[in-house]
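Have a look at the structure below before the remarks.
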């Protein structure tokens, strides 16, 4: 007679409340099962793997000790939230991550009460958690608030603004510093070095508490080591540790993969904390999955992969990515111009600047997750005579907008903004969509704004930005591969504010800004086969507009339609303003502007997202026919 196989503990967990009935030993086994389930799920969907693997034990411990969702667990960024989703009633849907109609890759309020605050950009968790604390005190939702923030996210000023305010308010708040020595890229800066010093001078397994009285919160066996550590670190900062100076009690570092230690510390902290407390937890990104541990980025973001080998599935393409084309073009320009420097905010690989850094390490600056600083630092470089390329995703450039206005635009400094991930980006969804950069930059005096229609145009726009010395200039390009056009041997600066005619036609002019030109061309070809040949123009510039070209199109066509991968208020709005100012609408011109709809579009493939936005070839064709009041055109034999 053989024993029946034991039911996995994870199969007995539907919600975090089920963890209360488990022993500490069972919680440890659950963590192993949760890690395996996370790896299995991400192998099917792709997504952010390494961060979640690093917090498996911490996720189990937090849900076992605290009373979620009454207690508000706020994950910073959300890269690490997949294990959390599995434990909070979403295991049956975990293999729909980042797919159309499926689970978000980040925390999302509309998805679950266990996601009290949505996040996909970094360094917001402490501010939000403090808001929950004060809301509870003022009669809002009750419960504790716990922020889990990575050491990379702690480099952003917003995190310290929140900690300073929390220390001033002196209310009960838990901040878990998830210190894995890596955000997306290895963290940079003095703070990272400071955190490293906190634990490299002593044995890792000796739990160190560095706060006034914090040792008393620890289980008795750990107190002696904690007191020794406090003495060892006395004087590292004037009057105590950096966190103490901000008003926090500090416990740590704690081994984030020792669930017994985590449980003891969290239980003690929850039982006795009165004011703000920071618990410093050491983890390893990619923990427990060798291919992730061995990867340069510790498995930060992966395509679908084979669990046994870690080999990722890659879509076949004959065209290089826009990001790689940008990087190689910038390197080529920098070979000829030693004034060119490049700045990134913790995204060297994502922006292609890792390639630039390999060639020009002294001329590359990764400032950490600090977009505001990145912009003003670039402004200072420009004022000092350099040619800075501030290379930031569209969605993250939003975080530095005040600096773009005050420190760059007003001073007319020639900062070059290379804006990656323009338009709809796919599986990351609304939080990462590059929808707004044209609208928020084009209203600033003195800005020059370009959008590449294909990878060859991107090469020329890099050259244009290098040559441009009169005020700030920006160029945008999407995520993913190009359309497969032949690349020029060398970029040639474009005439500022000049569009290019792609096809001369009649009746209707299609004025495209950015990479929708490929879909515009498909629509134009379909219409031509039915007897209507549109004029097609690649605008290239949203500011300054090609006034002569646009006015000529308006005067010699019945209709003018603009198409762009951006929100209302961008390129089409500026064209409409020009036409209104020139009185063109008085002549009866039919003008339409195809932009992203006034809503946030949920994650799906980029193709599905643009179809949802009404901006694929078929919908462009339909808009042409509707504008001209043509019900349909017969297809030519």
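Answer yes if at least one residue in segment 597-612 is within 24 Å of residue 557 (Cβ to Cβ) and under 36 Å from the mean Cα position of the chain (by Cα), and no otherwise. Scanning segment 597-612, I find no residue that is within 24 Å of residue 557 (Cβ to Cβ) and under 36 Å from the mean Cα position of the chain (by Cα), so the answer is no. The set of residues in segment 319-338 that are free of Cβ contacts under 8 Å to residues at least 12 places away in the same chain and buried (at least 24 other Cβ atoms within 10 Å of the Cβ) is empty. Tallying residues that are touching a residue at least 24 places away in the same chain (Cβ under 8 Å) and either part of a loop (DSSP other than H, G, I, E, B) or surrounded by fewer than 23 Cβ atoms within 10 Å (Cβ to Cβ) (or both) within segment 397-410 yields 8.
Do the conditions hold for residue 252, that is, is it modelled with pLDDT of 55 or more, under 16 Å from residue 177 (Cα atoms) and not in a loop (DSSP other than H, G, I, E, B)? In short, yes. Check whether at least one residue in segment 609-617 is part of a helix (DSSP H, G or I) and more than 24 Å from residue 97 (Cα to Cα), and report yes or no. Yes, some residue in segment 609-617 is part of a helix (DSSP H, G or I) and more than 24 Å from residue 97 (Cα to Cα). Of all residues in segment 320-344, those satisfying the criterion of being closer than 19 Å to residue 414 by Cα and not in a helix (DSSP H, G or I) are 337, 338, 339, 340, 341, 342, 343, 344. Just one of the listed residues (294, 269, 315) is within 30 Å of residue 451 (Cα to Cα), at pLDDT below 95 and either under 25 Å from the mean Cα position of the chain (by Cα) or assigned by TED's automatic domain parsing to the domain that holds residue 166 (or both), and it is 315. Give the residues of segment 464-481 that are surrounded by 24 or more Cβ atoms within 10 Å (Cβ to Cβ), touching a strand residue (DSSP E or B) at 6+ places or on another chain (Cβ under 6 Å) and more than 21 Å from residue 337 (Cα to Cα), sorted by residue number. Correct list: 476, 478.
Each row is one residue, and each column tells you yes or no for (1) crowded, with 23+ Cβ neighbours inside 10 Å; (2) in contact with a helix residue (DSSP H, G or I) (Cβ under 8 Å, 6 or more places away or on another chain); (3) free of Cβ contacts under 8 Å to residues at least 60 places away in the same chain.
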{"position": "17", "(1), (2), (3)": "no, no, yes"}
{"position": "56", "(1), (2), (3)": "yes, yes, no"}
{"position": "70", "(1), (2), (3)": "no, no, no"}
{"position": "82", "(1), (2), (3)": "yes, yes, yes"}
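Within segment 416-463, being more than 21 Å from residue 325 (Cβ to Cβ) and buried (at least 24 other Cβ atoms within 10 Å of the Cβ) holds for 433, 435, 441.
In this structure, is residue 575 under 23 Å from residue 445 (Cβ atoms), part of a helix (DSSP H, G or I) and in contact (Cβ under 8 Å) with a residue 24 or more places away in the chain? Judged against the criteria, residue 575 is a match. A count restricted to segment 349-381 and to residues that are in a helix (DSSP H, G or I), surrounded by fewer than 23 Cβ atoms within 10 Å (Cβ to Cβ) and in contact with a helix residue (DSSP H, G or I) (Cβ under 8 Å, 6 or more places away or on another chain) stands at 9. Inspect segment 125-138 for any residue being surrounded by fewer than 23 Cβ atoms within 10 Å (Cβ to Cβ) and under 20 Å from the mean Cα position of the chain (by Cα) and give the result as yes or no. Within segment 125-138, one or more residues are surrounded by fewer than 23 Cβ atoms within 10 Å (Cβ to Cβ) and under 20 Å from the mean Cα position of the chain (by Cα). Quick one: count up the residues across segment 277-319 that are in a strand (DSSP E or B) and more than 18 Å from residue 150 (Cβ to Cβ). The qualifying residues number 3.
The single residue among 61, 51 that is closer than 27 Å to residue 269 by Cα, in the same structural domain as residue 285 (by TED's automatic domain parsing), surrounded by 22 or more Cβ atoms within 10 Å (Cβ to Cβ) and modelled with pLDDT under 95 turns out to be 51.
Test residue 453 against the criterion of being within 26 Å of residue 527 (Cα to Cα) and assigned to a loop (DSSP other than H, G, I, E, B), and give yes or no. Considered against the rule, which asks whether it is within 26 Å of residue 527 (Cα to Cα) and assigned to a loop (DSSP other than H, G, I, E, B), residue 453 comes out as yes. Hey, does segment 498-518 have a residue that's out of contact with any strand residue (DSSP E or B) (no Cβ under 8 Å at 6 or more places or on another chain), crowded, with 22+ Cβ neighbours inside 10 Å, over 24 Å from residue 407 (Cβ atoms) and in contact (Cβ under 8 Å) with a residue 60 or more places away in the chain? Among the residues of segment 498-518, not one is out of contact with any strand residue (DSSP E or B) (no Cβ under 8 Å at 6 or more places or on another chain), crowded, with 22+ Cβ neighbours inside 10 Å, over 24 Å from residue 407 (Cβ atoms) and in contact (Cβ under 8 Å) with a residue 60 or more places away in the chain, which makes the answer no.
Is at least one residue of segment 61-71 more than 17 Å from residue 143 (Cα to Cα), under 22 Å from the mean Cα position of the chain (by Cα) and not in a strand (DSSP E or B)? The answer is no, given that none of the residues of segment 61-71 is more than 17 Å from residue 143 (Cα to Cα), under 22 Å from the mean Cα position of the chain (by Cα) and not in a strand (DSSP E or B).
Residue-wise test of (1) farther than 23 Å from residue 451 by Cα; (2) under 21 Å from the mean Cα position of the chain (by Cα).
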| residue | (1), (2) |
| --- | --- |
| 327 | no, yes |
| 339 | yes, no |
| 359 | yes, no |
| 362 | yes, no |
| 365 | yes, yes |
| 370 | yes, yes |
| 377 | yes, yes |
| 380 | yes, no |
| 384 | yes, no |
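Screening residue 19 with (1) within 27 Å of residue 152 (Cα to Cα); (2) in a helix (DSSP H, G or I); (3) more than 25 Å from the chain's Cα centre (by Cα) gives one miss only, at (1).
So that you can scan it fast, the table gives a plain yes or no per residue for (1) at pLDDT 95 or above; (2) in contact with a helix residue (DSSP H, G or I) (Cβ under 9 Å, 6 or more places away or on another chain); (3) not in a loop (DSSP other than H, G, I, E, B):
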site	(1), (2), (3)
469	no, no, no
475	yes, yes, yes
497	yes, yes, no
501	yes, yes, yes
506	yes, no, no
511	yes, yes, yes
519	yes, yes, yes
522	yes, yes, yes
551	yes, yes, yes
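The values are calculated or read from the model by the stated rules, or taken from the named source; none is laboratory data. All of these numbers come straight from a predicted model, not from anything done at the bench. We place every Cβ from the backbone using ideal geometry, glycine too, and count neighbours over all the protein chains shown.
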